Number of protein chains: 2
Amino acid sequence: PSKTHEEGAEARQTSLTKPPGSLGVLERLAVRLAGLQGTDRPKAENVAIVLFAGDHGITAQGVSPYPSDVTVQMLGNFIQGGAAISVLSRELNASLEVVDAGSLAPDDLPGVVTDKPRRGTGDFSAEPAMTAAELAFALAAGRRAVERAANAKPDVLVLGEMGIGNTTSAAAITASLLDLPPVEIVGAGAGLDDEGIRRKAATIADALQLHGLTGALADPLAVLQAVGGLEIAALAGAMIAAAQARIPVLVDGFIVTAAALTAARINPACRDWLIFSHRSFERGHQIVLQALEAEPLLDLRLRLGEGSGAAVAVPLLRLACALHAGMATFEEASVSGPC
Amino acid sequence: PSKTHEEGAEARQTSLTKPPGSLGVLERLAVRLAGLQGTDRPKAENVAIVLFAGDHGITAQGVSPYPSDVTVQMLGNFIQGGAAISVLSRELNASLEVVDAGSLAPDDLPGVVTDKPRRGTGDFSAEPAMTAAELAFALAAGRRAVERAANAKPDVLVLGEMGIGNTTSAAAITASLLDLPPVEIVGAGAGLDDEGIRRKAATIADALQLHGLTGALADPLAVLQAVGGLEIAALAGAMIAAAQARIPVLVDGFIVTAAALTAARINPACRDWLIFSHRSFERGHQIVLQALEAEPLLDLRLRLGEGSGAAVAVPLLRLACALHAGMATFEEASVSGPC
């Protein structure tokens with residue numbers, strides 16, 4: 001981020017016709033985007049949404065009320081325009097690329113970019129979710145998606161995910177990286193009841209034992225390989241690549257934030273490029289946000305995923321930029337300052 | 001509000017391709033707008049912003065760091081397009097009407113609707129802010145503004161205010177209607193320091209004594225007359241008129257919410273038509289929101305007024321409506337429900 005442009009934006013904010021600081025988070029957002037984009041007049045008009053999908057072997061343990069089939073069915077829904085993120089991308093005039101980073105689909109799906117090392121992960125209650133080579137492939141799939149998106153020179157990148165079972169993987173990653181008991185992190189996901197939540201937490205605790213991921217400071221790559229998801233690895237790879245390409249990333253809910261935690265452990269410099277869009281209703285999200293010292297923009301009790309929360313935050317960025325660029329200064333408007 | 005349309009919207013939300021409830025506040029917003037607008041497909045496209053301005057005699061007691069001149073200077077800025085609300089109205093493609101409901105301006109200002117019973121209120125530390133006739137005029141000015149706005153059949157009405165000194169009036173109204181010590185409500189307004197805040201609270205406490213507004217359940221009209229503002233009375237009149245015209249109102253920050261509390265005390269049925277847009281950084285706002293059992297949509301530490309926070313919430317309404325109308329059902333998309 002450019003300190004010079006941040007300071008310039010800060011000075012401009014102070015000169016605008018309003019009590020200093022009175023636009024709160026919107027001022028800080030404009031200042032931060034100015035620094036990230038290296039410009040006096042930050043923008044959030046050109047928005048690229050990239051959604052990574054993957055399936056999870058752990059669903060064999062009954063951790064989701066939905067069958068794995070839904071992942072591939074939803075890939076069709078994203079492309080046909082009926083999913084929440086499809087509607088939001090249209091409303092926001094944003095591009096939407098859907099990447100099959102590891103679903104169970106046997107064939108390439110029309111309209112979807114297929115870039116996967118395998119179909120679904122292994123059941124991490126019994127075996128590693130993926131091999132080291134498959135992890136490297138998935139991280140690179142994230143990078144490749146950012147390279148494609150970068151061609152359109154987006155002002156902001158929205159990252160989303162889909163994958164039945166992926167709150168279980170995200171909770172396992174979070175528990176391991178933060179060395180917390182899974183029971184403190186696990187939530188209802190797509191709609192588990194209390195008994196289901198207890199079972200999910202126990203499944204994760206056993207798996208972390210199995211893979212030797214408790215106690216010591218865990219290696220983020222080892223954690224991703226053992227209990228991660230292919231779409232989660234792709235998200236982590238995409239965040240690191242976006243930071244290197246100097247593209248600000250709007251982070252969605254629990255799963256994308258767990259990927260952000262992993263990315264920040266792999267490459268701490270990428271943290272600066274992450275803007276946290278919302279606090280979701282999924283229990284573990286608040287814990288990961290705190291670990292990343294993130295203050296999200298919205299708190300709307302969303303728990304859908306797909307990048308939907310990040311997309312909903314896009315208008316805030318746009319309005320923050322419009323206010324920064326379009327308001328008159330005290331001098332221009334001949335308005336008196338404080339006595 | 002139409003219970004039938006609320007229930008229909010609720011049923012539709014359950015049929016859409018997402019875990020039930022996973023769009024959180026956005027689902028409830030769509031359902032509520034369906035009930036208020038009496039339609040299966042609520043909208044927030046056509047937005048009218050009405051901003052009422054007024055001056056305050058209490059500024060003679062040094063309750064604001066800005067001189068009263070700024071109220072009239074800002075009226076010019078609203079019309080010339082340089083104020084925050086001007087930028088937001090352009091970005092949102094919303095209409096903006098500015099009503100001089102009681103500024104000190106000696107003449108009609110170009111581009112502004114002048115509809116005021118007097119220039120500025122009396123200094124309520126020594127005399128009533130206005131007479132009963134002036135209060136009736138200001139309430140009716142609010143109604144007249146809604147009648148003008150209603151011609152364009154707005155889906156939603158955004159109400160805002162401007163008036164140096166008006167957080168002092170709003171705090172006095174709130175303290176009286178909620179029977180709380182002013183020191184619990186008073187905040188920094190446009191930028192007072194701690195000593196200024198203490199002085200402001202003491203000024204209000206003395207005034208409530210003077211006007212006999214402590215203790216018993218206060219009459220909202222008597223409170224408005226004694227310590228109110230002309231723009232605050234106009235806001236209250238506008239909210240009652242909007243509810244009667246079945247137009248949902250997006251309520252802004254502390255001052256508009258204090259007017260909402262007054263309106264709800266005068267006519268409790270209008271409460272249903274109020275959507276609370278944000279929790280501001282001004283101290284008393286949270287207290288008034290609680291008294292109205294309001295859960296605002298945003299919490300962005302705004303404290304500008306002008307209707308800016310309500311305007312910033314407009315995209316949330318639009319996206320909530322777009323999701324409600326545009327998402328596919330499980331059946332349409334051939335997606336499996338929970339096991």
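Each listed q (0.08, 0.13, 0.14 Å⁻¹) maps to a log10 I(q)/I(0) for region A:47-319 from the Debye sum over equal C-alpha point scatterers, namely -0.26, -0.73, -0.86. Other protein chain C-beta atoms within 10 Å of residue C-beta, averaged over A:76-83: 5. Inter-chain neighbour count for B:303-311: the average number of beta-carbon atoms from partner chains within 10 Å of each residue's beta-carbon is 3. Net charge dipole, region A:150-307: roughly 180 debye, given to the nearest 20, about the Cα centre with Cβ charges of +1 for Lys and Arg and -1 for Asp and Glu.
Within the shell of other residues whose beta carbon sits under 14 angstrom from the beta carbon of A:F52, the net charge comes to -4, with Lys and Arg scored +1 and Asp and Glu -1. Sorting B:E97, A:E27, B:E161, A:E127 by the number of Cβ atoms found within 10 Å of their own Cβ, with the fewest placed first, yields A:E127, B:E97, A:E27, B:E161. Across the identical copies, the label point of B:D107 (7 Å from Cα in the Cβ direction) is separated from its matches by 7.7 nm, in order from shortest. Remark: A:L224, B:L177, A:L180 ranked as A:L180, B:L177, A:L224, counting other beta-carbon atoms within 10 Å and listing the fewest first.
FRET efficiency for the A:D69 to A:A202 pair, using the beta carbon distance and R₀ = 25 Å, is estimated at 0.50. The calculated FRET efficiency for B:L180 paired with A:I79, based on their beta-carbon distance and R0 = 60 Å, is about 0.60. Considering only A:L210, A:L317, A:L261, the Gaussian network model of chain A with Cα springs below 10 Å gives its largest mean-square fluctuation to A:L210.
Each copy carries A:E127; placing its label point 7 Å along the C-beta direction from Cα gives inter-copy distances of 8.9 nm, listed from smallest up.
For region B:134-212 versus region A:22-66, the spacing of their alpha-carbon centroids is 38 Å. For B:D194, the label point sits 7 Å beyond Cα toward Cβ; its separations from the matching points on the remaining copies run 4.6 nm, from shortest to longest. Taking a Cβ cut-off of under 15 Å around B:T14, the surrounding Lys, Arg, Asp and Glu residues balance to a net charge of -4, with basic ones at +1 and acidic ones at -1. Only helical runs count toward this figure. For chain A, summing -39,500 (n - 2.57) over DSSP H runs of n ≥ 4 and dividing by all residues gives -15000 deg cm²/dmol at 222 nm. The rotation axis that maps chain B onto chain A passes nearest to the beta carbon of this chain B residue, listed with its distance in whole angstrom: B:P315, 2.
Annotation: extensible slack from B:A269 through B:A136 equals 45.9 nm (criterion: 0.36 nm per residue apart, minus Cα-Cα distance). Between B:S334 and B:Q209, the simple label model (points 7 Å from Cα in the Cβ direction) yields a spacing of 7.8 nm.
Taking a ≥ b ≥ c as the square roots of the eigenvalues of the Cα gyration tensor of region A:229-325, is the shape rounded (a/c under 1.5), prolate (a/b larger than b/c) or oblate? Judged from the Cα gyration tensor, region A:229-325 comes out oblate (a/c at least 1.5, b/c at or above a/b).
Between A:K153 and A:S2, what's the calculated FRET efficiency when r is the beta-carbon distance and R0 is 22 Å? Round to 0.05. In this case the efficiency is close to 0.80. So what's the net charge close to B:A132: Lys and Arg +1, Asp and Glu -1, counting the other residues with Cβ under 14 Å from its Cβ? Spelling it out: positives minus negatives among the neighbours equals -2. Cross-linked pairs A:K153/B:K18; A:K116/B:K18; B:K3/B:K43: Cα-Cα separations exceed 21 Å for A:K153/B:K18; A:K116/B:K18. For region B:47-316, a simple Cβ point-charge model (Lys and Arg +1, Asp and Glu -1, everything else neutral) yields a dipole of about 380 debye relative to the Cα centre.
If only the Cβ of Lys and Arg carry +1 and only the Cβ of Asp and Glu carry -1, the dipole of the protein assembly as shown around its Cα centre is close to 420 debye.
Just so you know, all these numbers are worked out from the coordinates, no wet-lab data involved. Bear in mind the structure is a predicted one, so any value in this text is a computation, not a measurement. Backbone-built Cβ (ideal geometry, glycine too); neighbour counts: all protein chains shown.
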